[in-house]
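The values are calculated or read from the model by the stated rules, or taken from the named source; none is laboratory data. From a predicted model like this one, the values you see are computed outputs, not experimental measurements. Positions of Cβ are generated from backbone atoms using ideal geometry, with glycine treated the same way; all protein chains shown enter the neighbour counts. These area figures cover heavy atoms from the full protein model, side chains too; ligands, DNA and RNA do not enter into them. Shrake-Rupley method; radii C 1.70, N 1.55, O 1.52, S 1.80 Å.
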Amino acid sequence: MDCIFCKIANGEIPSNKVYEDDQVCAFYDLEPQAPVHVLIIPKKHIASVMELEEENAAVVSHVFLVAKRLAKELNLANGFRIVSNCGEDGGQSVHHLHFHLLGGRSMKWPPG
Ligand code: DGP
């Protein structure tokens, strides 16, 4: 499968990884939108939130635990945002489920 995030997960494409275990990996976004901008992805290919089912959804809670750990390690004690863009209207450009962990500045609401 020609998926850039699968290739990052398996090391075929280099990335600046900040965390990795058997289920997920996390690496710095190529186009950072905040002083800290990390992407957390399941290693197994899931295209988006719309492909989550009971059978593959457990990884999402693991992603959030990893986000909590990274927030501590990356000094985001003042707060942060976690975003998963889904589909065309959501602005998803890479069709492999991923969670943006953004911090290091005050976030606006609503997002654009
Ligand atoms: P989204 O628009 O929500 O699908 O987010 C995709 C993000 O992935 C976007 O912020 C840019 C980032 N990105 C795309 N290609 C690469 C890559 O090859 N390496 C890294 N580190 N980030 C990438």
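This table checks each residue for (1) under 13 Å from the mean Cα position of the chain (by Cα); (2) closer than 14 Å to HIS98 by Cβ; (3) open to solvent by less than 30 Å² (accessible area, probe 1.4 Å).
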| position | (1), (2), (3) |
| --- | --- |
| LYS17 | yes, yes, no |
| GLU20 | yes, no, no |
| TYR28 | yes, yes, no |
| SER61 | yes, no, no |
| VAL66 | yes, yes, yes |
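Please work out if GLU12 is surrounded by fewer than 17 Cβ atoms within 10 Å (Cβ to Cβ), in contact with a helix residue (DSSP H, G or I) (Cβ under 9 Å, 6 or more places away or on another chain) and modelled with pLDDT of 95 or more.
yes
Run GLU55 past the list (1) farther than 28 Å from GLY112 by Cβ; (2) touching a Phe, Trp or Tyr at 6+ places or on another chain (Cβ under 9 Å) and report the number of the one that doesn't hold.
(2)
Exactly one of these conditions fails for LYS43: (1) surrounded by 15 or more Cβ atoms within 10 Å (Cβ to Cβ); (2) within 20 Å of LEU102 (Cβ to Cβ). Give me its number.
Of (1) surrounded by 15 or more Cβ atoms within 10 Å (Cβ to Cβ); (2) within 20 Å of LEU102 (Cβ to Cβ), only one is false for LYS43: (2).
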